[in-house]
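Here is the structure we will look at, set down as structure tokens.
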Amino acid sequence: MASEKSSSDLTLLDFWVSPFGQRVRIALAEKSLPYEYVEEDLLAGKSDRLLQSNPAHKKIPVLLHGGKPVNESLIIVQYLDEAFPDTPSLLPADPYARAQARFWADYVDKKVYDCGSRLWKFKGEPQAQAKAEMLEILKTLETELGDKEFFGGEHGFGFVDAAFAPFTPWFMSYEKYGEFKVAEVAPKIAAWAERVGKRESVAKSLYSPDKVYDFIGVLKQKYGIE
Amino acid sequence: MAAGDDLKLLGAWPSPFVVRVKLALSFKGLSFENVEEDLGNKSELLVSSNPVHKKVPVLLHNGKPICESMVIVQYIDEAFTGTGPSLLSSDPHERAIARFWAAYVDDKLVTSWVQSFRGKTEEDKSEGTKQMFAALQTLEGALRECSKGEGYFGGESVGLVDVSLGGLLSWLNATEEMSGTKIFDPVKTPLLAAWAERFSELDGAKLALPDKDRMVEFIQKRQAQAAAAAAASQK
């Protein structure tokens, strides 16, 4: 291991079930970087440290490196690649491959969480609309993955894999609310989800589908959604 | 530029996202073929190059497509490191800060400003305007931090954030003229106001930014079309 920095040099402000925080946890694990994990109880309120570290968005995850904050999950992952160049990188070296990886990670960012939320927040027409969109998203990602073991292709487990993997425990909830099966709509994605779920960095960063489903129940109660 | 480097930009002149790419190419001193797309009748090349979003801009480098304006801008910086200035610092933390603010322009400024003129109700629109000015205040602070006393978000020379925000300049200037309200207000956001003027004077910016009057004409035509469509649907 290259880095001799103590674990107190890296601190992650996070929320246990956040897929965005989990991306960072996966990256840190892939790089075998020790860090201090700090749970922000978002349902109770935001800590002063969080508000000061990310005043623009007031969101987790926040990575503090030597006290300096880095915000936005995908930006943090790129930062880890660049600040710790002797560790396994998530982005490939080739500029064109990097552009493709950024494009697809951006696609996951723009589409998956928002559409998934609408599946459990709404009923009737808006929910049906969300379902149609989710199927479209899964099929699009299926086409991109193709027969590759990982989205990273020749590079192996990469940036897009880390970006999308945290959503795999949410599939069960999407399936329940949307009444579809990922394995039927996008079998390659389902197989990838299983594969990626067994990877050590991912397995230790994610929570079970049941826990995610229960969490959605808590959110619905909190926001008064039937 | 290396021999055999073929750059083609599929774009539409009013799009701030297309302008970002033109700015990056301009600042790097890269020549390219500009292909003007009719967005009402998209070319086969555009649709096949960007099947996921079917949007401009698309940059084709030796025939290989790159999509999404800020992905393209970073690609240009990384694929042509030897050519022209770098748009990003070499320091990882400064790079992360730049990426953060470049994304902030999209997440907060573009979103709110679009709401300010496309909002469904007057209330929606004025909420958009309020959030837009809040975002500009935040960007004023960002400029103070990032510029370190120099003229640009990139410091002494333009960087990623300058390109991200610069792409919007013609639209914002046109909106200013049409509404009569200053967007880059020298009292509220003095650093940004000075930045806007300074940026517009750059040779690279002059090449890429659409002419303000042409922009005003375009927006007015669009608004007239939207009004006519709304009136027709109410008959």
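Being hydroxyl-bearing (Ser, Thr, Tyr), open to solvent by less than 20 Å² (accessible area, probe 1.4 Å) and within 14 Å of chain B (Cβ to nearest Cβ) is a description that applies to A:Tyr107.
Residues are listed down the side, and each one gets a yes or a no for (1) in contact with a strand residue (DSSP E or B) (Cβ under 9 Å, 6 or more places away or on another chain); (2) not small (Gly, Ala, Ser):
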| residue | (1), (2) |
| --- | --- |
| B:Pro14 | no, yes |
| B:Ala24 | no, no |
| B:Ile72 | yes, yes |
| B:Phe80 | no, yes |
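Filtering region A:136-152 to residues that are under 19 Å from the mean Cα position of the chain (by Cα) and open to solvent by less than 70 Å² (accessible area, probe 1.4 Å) leaves A:Ile137, A:Leu138, A:Thr140, A:Leu141, A:Glu142, A:Glu144, A:Leu145, A:Phe150, A:Phe151, A:Gly152.
In the set (1) outside any loop (DSSP other than H, G, I, E, B); (2) away from every other protein chain (no Cβ under 14 Å); (3) open to solvent by 60 Å² or more (accessible area, probe 1.4 Å), the condition left unmet by B:Thr111 is number (2).
Does B:Tyr104 satisfy the criteria of being free of Cβ contacts under 8 Å to residues at least 60 places away in the same chain, within 11 Å of chain A (Cβ to nearest Cβ) and farther than 21 Å from A:Ala97 by Cα? So B:Tyr104 fits the description; yes. Between A:Tyr177, A:Tyr207, the distinction of being under 15 Å from the mean Cα position of the chain (by Cα) and either touching a residue at least 40 places away in the same chain (Cβ under 8 Å) or open to solvent by 30 Å² or more (accessible area, probe 1.4 Å) (or both) belongs to A:Tyr207 only. For region B:35-80, residues that are in a loop (DSSP other than H, G, I, E, B), open to solvent by 50 Å² or more (accessible area, probe 1.4 Å) and either within 18 Å of A:Gln78 (Cα to Cα) or charged (D, E, K, R) (or both) total 4. Can you tell me which residue in region B:83-97 is nearest to the other protein chains (Cβ to nearest Cβ), limited to those that are open to solvent by 20 Å² or more (accessible area, probe 1.4 Å) and in a helix (DSSP H, G or I)? Going through the qualifying residues, I end up with B:Pro92. The residues in region A:67-104 that are within 8 Å of chain B (Cβ to nearest Cβ) and aromatic (Phe, Trp, Tyr) can be counted, and the count is 3. Scanning region A:33-55 for residues that are open to solvent by less than 30 Å² (accessible area, probe 1.4 Å) and assigned to a loop (DSSP other than H, G, I, E, B) returns A:Leu33, A:Glu40, A:Asn54.
In a residue-by-residue description of region A:23-42, the property of being outside the structural domain of A:Ala165 (by the TED database), within 25 Å of A:Tyr223 (Cα to Cα) and either among the hydroxyl-bearing types (Ser, Thr, Tyr) or touching a Pro at 6+ places or on another chain (Cβ under 6 Å) (or both) applies to no position. Only one entry in B:Ala135, B:Ala98, B:Ala142 is in contact (Cβ under 8 Å) with a residue 12 or more places away in the chain, over 17 Å from the mean Cα position of the chain (by Cα) and under 26 Å from A:Tyr79 (Cβ atoms), namely B:Ala142.
The values are calculated or read from the model by the stated rules, or taken from the named source; none is laboratory data. The structure presented is a predicted model; accordingly, all values stated were derived computationally and were not measured. Using ideal geometry, Cβ is built from the backbone for each residue, glycine included, and neighbour counts are taken over all protein chains shown. All accessible areas refer to the heavy atoms of the entire protein, side chains included, with ligands and DNA or RNA removed. Shrake-Rupley method; radii C 1.70, N 1.55, O 1.52, S 1.80 Å.
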